[in-house]
């Protein structure tokens, strides 16, 4: 009787151990990829050229410097038609390796902005000037899902 209890106990323990190992080895056909910061912007009517000139110069210079320093992986600019008076018509997308890297490099990014754009007062002046030509509607973080298993 005692041997039966020991045998049943050992059998249950082995089965539980094997099931935990099996669960830990679940193979998913996808994996987490990079993280994107997406800014949804509304260029004001008649100000598209002015805002795109800013994007092609100052914004691009800062993005290129961030990429060179390894703070970001890439960036993209997408324009779209607005579907209503309150809708965005341009998206500014910045790609980071992951959230941890993005957060860990915040101080480096601030220091780089000081070098590229200027001190806080100059940066605030730029924000005020851009208010005349665009409106930031939303800013979102999104994680890319890579449709292949983890390597």
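General remarks:
- Hits in the range 66-79 - residues which are more than 22 Å from residue 47 (Cα to Cα) and surrounded by fewer than 17 Cβ atoms within 10 Å (Cβ to Cβ): 67, 68, 69, 70, 73, 74
- Within the range 68-85, one or more residues are at pLDDT below 95 and in contact with a strand residue (DSSP E or B) (Cβ under 8 Å, 6 or more places away or on another chain).
- The set of residues in the range 83-112 being out of contact with any helix residue (DSSP H, G or I) (no Cβ under 6 Å at 6 or more places or on another chain), surrounded by 13 or more Cβ atoms within 10 Å (Cβ to Cβ) and not in a helix (DSSP H, G or I) consists of 88, 89, 90, 91, 92, 93, 94, 95, 97, 98, 105.
- Complete set of residues in the range 118-141 that are more than 22 Å from residue 49 (Cα to Cα) and in a helix (DSSP H, G or I): 120, 121, 122
- Residue within the range 38-45 that is in contact (Cβ under 8 Å) with a residue 12 or more places away in the chain, touching a helix residue (DSSP H, G or I) at 6+ places or on another chain (Cβ under 8 Å) and assigned to a helix (DSSP H, G or I) present: no
The values are calculated or read from the model by the stated rules, or taken from the named source; none is laboratory data. Note that this is a predicted model, so its numbers are computed, not measured. Heads up, the Cβs are rebuilt from the backbone with ideal geometry, glycines too, and the neighbour counts pull from every protein chain shown.
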